[in-house]
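Taking it in order: structure first as structure tokens, then the write-up.
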Amino acid sequence: MQPFGPGNPEPLFASPPVAAVSRRTFGGGGDNVVVSFRDEAAGLTLRGKGWRMAAQIGEAMVGRSVRVAFTPRLDAYDGLPRIELRLKDLKDA
């Protein structure tokens, strides 16, 4: 699907209802957020990063059922590749 650009936008996906199970901020100003989402039907937990979304995705989201708009990424930060979600939007399910 790559490369992405004006004629080939990056695909955007929407999740089914998932549980937001944890949240923490990161970065110098605390503007960025990492959220773990659990899909019980699939038996899967994935981590998503929201750049400059800490104010939009507050602590109140933890424990709630939400739907997530995201683009998938491969994260190899600690040397072990894993799927990570780049968060674009989030709302109650």
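The values are calculated or read from the model by the stated rules, or taken from the named source; none is laboratory data. These numbers were taken from a predicted model, which means no experiment stands behind them. Heads up, the Cβs are rebuilt from the backbone with ideal geometry, glycines too, and the neighbour counts pull from every protein chain shown. The protein model used for the area step is the full one, side chains on, heavy atoms only, and it has no ligands, DNA or RNA in it. Shrake-Rupley method; radii C 1.70, N 1.55, O 1.52, S 1.80 Å.
Restricting segment 59-93 to residues that are small (Gly, Ala, Ser) and in contact (Cβ under 8 Å) with a residue 12 or more places away in the chain, the residue that is nearest to Ala14 (Cα to Cα) is Ala69. Here Leu46 meets the list (1) under 15 Å from the mean Cα position of the chain (by Cα); (2) surrounded by fewer than 16 Cβ atoms within 10 Å (Cβ to Cβ); (3) in contact (Cβ under 8 Å) with a residue 12 or more places away in the chain almost entirely, failing just condition (2). Taking the conditions exactly as written (within 17 Å of Glu84 (Cα to Cα) and under 11 Å from the mean Cα position of the chain (by Cα)), does Arg24 satisfy them or not? So Arg24 fails the test. Of Leu74, Leu85, all but one fail to be modelled with pLDDT of 95 or more and assigned to a strand (DSSP E or B); the exception is Leu85. Total residues in segment 55-75 satisfying the condition of being open to solvent by 60 Å² or more (accessible area, probe 1.4 Å) and under 15 Å from Leu87 (Cα atoms): the figure is 6. Against the conditions (1) open to solvent by less than 80 Å² (accessible area, probe 1.4 Å); (2) on the phi > 0 side of the Ramachandran plot; (3) not small (Gly, Ala, Ser), Arg52 satisfies every one except (1). Any idea which of (1) surrounded by 14 or more Cβ atoms within 10 Å (Cβ to Cβ); (2) free of Cβ contacts under 8 Å to residues at least 24 places away in the same chain; (3) within 14 Å of Val66 (Cα to Cα) is the one Glu40 doesn't satisfy? Among (1) surrounded by 14 or more Cβ atoms within 10 Å (Cβ to Cβ); (2) free of Cβ contacts under 8 Å to residues at least 24 places away in the same chain; (3) within 14 Å of Val66 (Cα to Cα), the lone unmet condition for Glu40 is (1).
All conditions in (1) among the hydroxyl-bearing types (Ser, Thr, Tyr); (2) farther than 27 Å from Phe4 by Cα; (3) open to solvent by less than 60 Å² (accessible area, probe 1.4 Å) hold for Thr25, with the sole exception of (3).
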